[in-house]
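Colleague: Encoded as structure tokens, here's the structure I'll be asking about.
Coordinate-derived values only; no laboratory data. The model shown is predicted, which means the values in this text are computed figures rather than measured ones. Methodologically, a virtual Cβ is constructed for each residue, glycine included, from the backbone with ideal geometry; neighbour enumeration extends over all protein chains shown.
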Amino acid sequence: MTEQEWVVTVADVYLTHLDDVIADLESVGFRPSGVLRSLGQVTGCTSAAHASADSVRGALASVTGVTAVDAVHRYRAAPPDADIQ
């Protein structure tokens with residue numbers, strides 16, 4: 001696995017301790033890139049050369065206060081004036 005982007009959702013009761021949750025996420029290899037405090041979400045990435053996405057998701061989900069871990073998927077469409085592929 002190479003670099004994977006994630007959106008981590010934090011439980012409402014932990015929002016007052018969001019910085020502590022972020023520090024715990026960093027301790028399992030998460031590199032935060034954005035914090036959406038009002039939504040209780042943290043965006044960021046991990047890179048694990050020999051770990052599967054499921055094992056990384058499990059490590060992030062095991063952090064106290066985390067309620068959901070979602071992988072970011074990017075989709076690209078050709079421009080409207082491009083030829084049909």
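Colleague: Mind checking Rg over Rh on the chain, alpha carbons, Kirkwood formula for Rh? Don't skip to the end; give the middle numbers.
Modeller: Details: Rg = 15.4 Å, Rh = 13.8 Å.
Looking at the chain, the ratio lands at 1.11.
Colleague: Looking at the chain, which chymotrypsin sites (Phe, Trp or Tyr not before Pro) are DSSP coil and have at most 13 other C-beta atoms within 10 Å of their C-beta? Please report the intermediate quantities before stating the final value.
Modeller: Numbers: sites: TRP6, TYR14, PHE30, TYR75; in loops: PHE30, TYR75.
Those that pass, being in a loop and sparsely packed, are TYR75.
Colleague: Please state the relative contact order of the chain as a whole percent: Cα pairs under 8 Å, 6+ residues apart? Before the final figure, lay out the partial values.
Modeller: Details: 123 pairs, mean separation 35.0, N = 85.
Normalised by residue count, the contact order of the chain is 41 percent.
Colleague: Looking at the chain, which trypsin sites (Lys or Arg not before Pro) are in a loop (DSSP not H, G, I, E or B) and have at most 14 other Cβ atoms within 10 Å?
Modeller: Working: sites: ARG37, ARG57, ARG74, ARG76; in loops: ARG37, ARG74, ARG76.
Qualifying residues, ordered by number: ARG37, ARG74, ARG76.
Colleague: For the Cα atoms of the chain, what angle does the longest principal axis make with the long axis of helix 18-27, in degrees from 0 to 90, nearest 10?
Modeller: Taking Cα atoms only, the helix is inclined about 70 degrees.
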